[in-house]
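Every read-out reported here was derived from the displayed coordinates using simple, explicitly stated rules and does not represent laboratory data. These figures come from a predicted structure and were not determined experimentally. All Cβ positions, glycine included, derive from the backbone under ideal geometry; neighbour counts span all protein chains shown.
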C-alpha cells in the first residue's frame with residue numbers, strides 16, 4: 001500500500017500546534033506506517049512537493065511570506081486543514097490588528113529597546129496590515145479549533161482522514 | 001390559573017398560561033440556546049439565540065419572552081434556526097475581540113460553550129478588531145469591553161437584585177457599551193457596593209476579579225435563583 005503524503009506548515013503561530021501534534025505519542029508509530037511526511041518544520045525538505053494529500057496549517061496569515069506560501073500550498077494540496085486557533089481565527093497574533101503596523105513595529109523595535117534600536121529589514125518578510133485567518137485567503141477543507149487542539153483531537157482528525165472520511169468536529173472541538 | 005396545550009418539536013405538552021416557551025422547554029430537557037437569559041433575572045430577549053419557529057408564522061420569536069398559547073406548534077431546532085444561531089455567534093465573535101486562549105474565562109465561558117455546542121468551528125464574517133477600553137480602576141474588579149456581548153445581565157442584576165443600578169447601557173448600535181454611573185471610571189462610582197454580583201452573572205470574561213489569570217475565572221451563576229427564592233419566601 002502506498003503511503004498518503006502529508007505536510008505541515010508553520011505560519012504566524014507559536015509552534016504549540018506542532019507540539020500538540022507530537023504529543024500523539026505512540027500513535028506516531030502507527031502514523032509512520034501510513035503516511036509520508038513530505039514537507040514540515042519537522043523534516044528537512046526545503047521545497048513544497050508538486051501535490052500533497054493533506055496539509056496541516058498552523059498559524060495565521062501575517063506577513064508577505066505567509067501570504068505567498070499559503071496560496072502556493074493550497075494549489076498543491078488536496079485537503080487543507082486549519083490547525084489551531086491562529087489558523088482558524090487569527091487568535092493571539094491578530095491582537096495587533098487594532099493598531100497600525102508602524103505603531104506595532106515602533107513599540108517592539110524602538111520604544112522598548114535601550115541599546116541600538118533598529119527595525120530589521122533584511123531577510124524578514126514585510127508585515128501585512130492585518131493578521132487574518134487562513135480561510136480568508138484560500139479555501140479551507142477542515143477546521144480544527146483549539147489553542148492548541150489537544151493531541152486526542154489531532155489523532156481523531158488524522159484517523160478520520162486516513163479512513164477516507166471528512167472529520168466532523170462540530171461538538172468536540174472548541175476555541176481556546 | 002388556566003392551562004394551555006401545545007406542541008414543542010412534536011411533543012404534546014401542557015403548561016400554565018403565563019409560562020414561556022423557554023421555561024416549558026427547559027422543564028422537558030429540550031435544548032434552546034440562551035445567552036442574555038439568566039434564571040432569576042427578568043428576560044429581555046436581547047441576544048436572539050433563543051429564537052424559535054411557530055408553525056404557520058414566518059416570524060421567529062424569542063422563546064424567553066414568548067408565552068405559550070393554545071394549539072401552538074413550536075420548532076426549536078430547524079435548519080433555519082441553526083443557521084441563524086450560528087450567525088448570531090459569528091457576529092458576536094466578529095464584533096468583539098474574543099481571543100479565548102488568553103481569556104480569564106477560557107473553558108468557563110457561555111459564548112465559547114455555545115460556539116462549540118452550535119457547531120461554530122470558524123467565522124465566515126470578517127473580524128472588526130475594534131479598539132475597546134479596559135477599566136481596571138475598581139480595587140477588586142475589572143471590565144474588558146472587548147469581551148462584552150452586551151447581554152445586560154450585569155445591568156439587570158445590579159438593578160433588580162442588588163438595587164444599586166450602577167450599570168447601564170450607553171449609545172446605540174456598534175457604539176453601545178455598558179457603563180458605570182454616568183460613564184465614570186468604575187473605581188470612582190458612588191453607587192457601586194462592590195458586591196460582585198455583576199462578575200458572577202457575566203457570561204464571558206468581560207467582567208472579572210482582579211488577580212485571576214487565564215482560565216481561572218469560574219463564574220457562579222447558581223447563587224441567583226437561590227437568592228431570589230430566599231427573598232420571595234421570606
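Rounded to the nearest 0.05, what FRET efficiency do residue A:3 and residue A:172 give with R0 = 25 Å and r taken as the Cβ-Cβ distance? Could you check? Please report the intermediate quantities before stating the final value.
Working: r = 27 Å, r/R0 = 1.09.
Computed FRET efficiency for residue A:3 and residue A:172: 0.40.
Once the Cα atoms are used to define both axes, helix B:223-232 deviates from the longest principal axis of chain B by about 70 degrees. Let a ≥ b ≥ c be the square roots of the eigenvalues of the Cα gyration tensor of segment B:105-234; is it rounded (a/c under 1.5), or, if not, prolate (a/b larger than b/c) or oblate? Oblate.
How many Cβ atoms of partner chains, on average, are near each residue of A:163-174 if near means within 10 Å of its Cβ?
Working: counts 0, 0, 0, 0, 0, 2, 3, 6, 5, 2, 3, 11.
Across the residues of A:163-174, the mean count of other-chain Cβ atoms within 10 Å is 3.
Label reach from residue B:221 (point 7 Å along Cα→C-beta): in segment B:34-59, amide nitrogens under 19 Å belong to B:34-52.
Please report the equivalent ellipsoid semi-axes of segment B:3-77, computed as sqrt(5 x eigenvalue) of the Cα gyration tensor, largest first, in whole Å. Display every interim value, and only then the final one.
Working: eigenvalues 64, 38, 24 Å².
Working through the eigenvalues yields semi-axes of 18, 14, 11 Å.
The GNM of chain A, with springs linking C-alpha atoms under 10 angstrom apart, assigns the highest mean-square fluctuation among A:81, A:24, A:73 to A:24. Taking only the C-alpha atoms of chain B, the Rg (one decimal) and the largest Cα-Cα distance, Dmax (whole number), read 18.7, 54 Å.
Just from its helices, what would the mean residue ellipticity at 222 nm be for the protein assembly as shown, if runs of 4 or more DSSP H residues each count -39500 (n - 2.57) and the sum is divided by every residue, rounded to the nearest 500 deg cm²/dmol?
Values: 12 runs with 101 residues, N = 410.
Result for the protein assembly as shown, helices only: -7000 deg cm²/dmol.
In terms of other Cβ atoms within 10 Å, A:2, B:94 run from fewest to most in the order A:2, B:94. Take every pair of alpha-carbon atoms less than 8 Å apart whose residues are at least six positions apart; their mean separation over the length of segment B:3-77 yields a relative contact order of 41 percent.
Computed on chain B, with alpha-carbon pairs under 8 angstrom and 6+ residues apart, the relative contact order is 18 percent.
Helix A:151-162 axis versus longest C-alpha principal axis of chain A: approximately 50°, rounded to the nearest ten. Rounded to the nearest 0.05, the FRET efficiency derived from the C-beta distance between residue A:100 and residue A:28 at R0 = 51 Å is 0.75.
Under 10 Å, Cα contacts only: if you run a Gaussian network model on chain A, which one of A:26, A:126, A:58 comes out with the highest mean-square fluctuation? Taking springs between Cα atoms under 10 Å, the residue moving most is A:26. Compared with the dominant principal axis of the Cα atoms in chain A, helix A:64-75 is inclined by about 20°. Gaussian network model of chain A, Cα springs within a sub-10 Å range: biggest mean-square fluctuation belongs to which of A:111, A:53, A:68? Maximum among the listed residues: A:111.
Here segment B:1-130 was treated as a single set of alpha-carbon atoms; its pair distances binned every 5 Å from 0 give 2, 10, 19, 21, 18, 13, 8, 5, 3, 1, 0 percent.
Expressed in Å, the radius of gyration and Dmax of the Cα atoms of segment B:120-173 are 14.3, 41.
Once a ≥ b ≥ c are taken as the square roots of the eigenvalues of the Cα gyration tensor of the protein assembly as shown, is the result rounded (a/c under 1.5), prolate (a/b larger than b/c) or oblate (a/b not larger than b/c)? The partial results should precede the final answer.
Working: a/c = 2.44, a/b = 1.41, b/c = 1.73.
It comes out oblate by the Cα gyration axes.
Extension gain for residue B:137 to residue B:234 (0.36 nm times residue separation, less C-alpha to C-alpha distance): 31.3 nm.
Spin-label model, residue B:188/residue B:67: points 7 Å from Cα along the beta carbon direction are separated by 4.5 nm. Equivalent-ellipsoid semi-axes for chain A (Cα gyration tensor, √(5λ), whole Å, largest first): 31, 17, 15.
Among B:75-84, B:45-54, sorting by the average number of other beta carbon atoms lying within 10 angstrom of each residue, highest first, gives B:45-54, B:75-84.
Could you work out the relative contact order of chain A, using alpha carbon pairs under 8 angstrom and six or more residues apart, expressed as a whole percent? Mind showing how you got there, number by number?
Details: 298 pairs, mean separation 46.3, N = 176.
Normalised by residue count, the contact order of chain A is 26 percent.
The spacing between segment B:64-122 and segment B:159-192, judged by their C-alpha centroids, is 25 Å.
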